[in-house]
Amino acid sequence: MDRTDRLSWRWSLLLLLVLALPLASKESLPLSEQLAQLEQLDESEWGIRNGCVLLSRVRQMTFIDDQHALLKLSGNRRARLTLASECPGIAANGYLLINRSGRLCSRFDSVAVLDNSFGGARAGQRCAIESIAPEVELEQDGG
């Protein structure tokens, strides 16, 4: 995993931390322990290897904004897909996956915004996939 991928999944985890704080249970591990465990995170447990995940493991892909998608994976796992740059309209209009193999890979594959402007769906702007990283939820300290 290169430096960009590590930074991307850490930012994703930090965002989840902020969102998960109000929902945390009182029986969780201390936050410091949870953060320490992130350093030992094994992406292969999510089926992510060398920035790729098998398409057969992807159950759903939903864009939450014009640069990030949530992947629901088999085994009750989730991952965050980040595009190299903002892809205007992808969250609102939908996407087409541009892929030549049975894997979804960062730095090699891309998505295209669906363009419905001329009465039929066609591929619009193409956007490269920058990273695919595990998504985990951290829980707030119970004390």
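Things to note:
- Of all the listed residues (Ala69, Ala121), the sole one being at pLDDT 95 or above and out of contact with any helix residue (DSSP H, G or I) (no Cβ under 8 Å at 6 or more places or on another chain) is Ala69.
- Residue satisfying condition, being more than 13 Å from the chain's Cα centre (by Cα) and more than 17 Å from Gln125 (Cα to Cα), within set Ser85, Ser56, Ser110, Ser106: Ser56
- Taking region 80-118 as the range and being within 15 Å of Ala133 (Cα to Cα) and in contact with a Cys (Cβ under 6 Å, 6 or more places away or on another chain) as the test, the residues that pass are Leu83, Arg103, Cys105.
- Restricting the first member to region 45-63 and to residues that are more than 24 Å from Asn93 (Cβ to Cβ) and in contact (Cβ under 8 Å) with a residue 40 or more places away in the chain, and the second to residues that are polar (S, T, N, Q) and surrounded by 15 or more Cβ atoms within 10 Å (Cβ to Cβ), the beta-carbon pairs closer than 8 Å and six or more apart or on different chains are Gly51/Ser106; Gly51/Ser131; Cys52/Ser106.
- Any chance Thr82 is polar (S, T, N, Q) and modelled with pLDDT of 95 or more: yes
Yes or no, residue by residue, for (1) part of a helix (DSSP H, G or I); (2) aliphatic (A, V, I, L, M); (3) closer than 19 Å to Val136 by Cβ:
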site	(1), (2), (3)
Glu45	yes, no, yes
Thr62	no, no, yes
Arg80	no, no, yes
Ser85	no, no, no
Phe108	no, no, no
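The values are calculated or read from the model by the stated rules, or taken from the named source; none is laboratory data. Not measured: the values here are computed from a predicted model. When we count neighbours, we look across all protein chains shown, and the Cβ atoms used for this are built from the backbone with ideal geometry, even at glycine.
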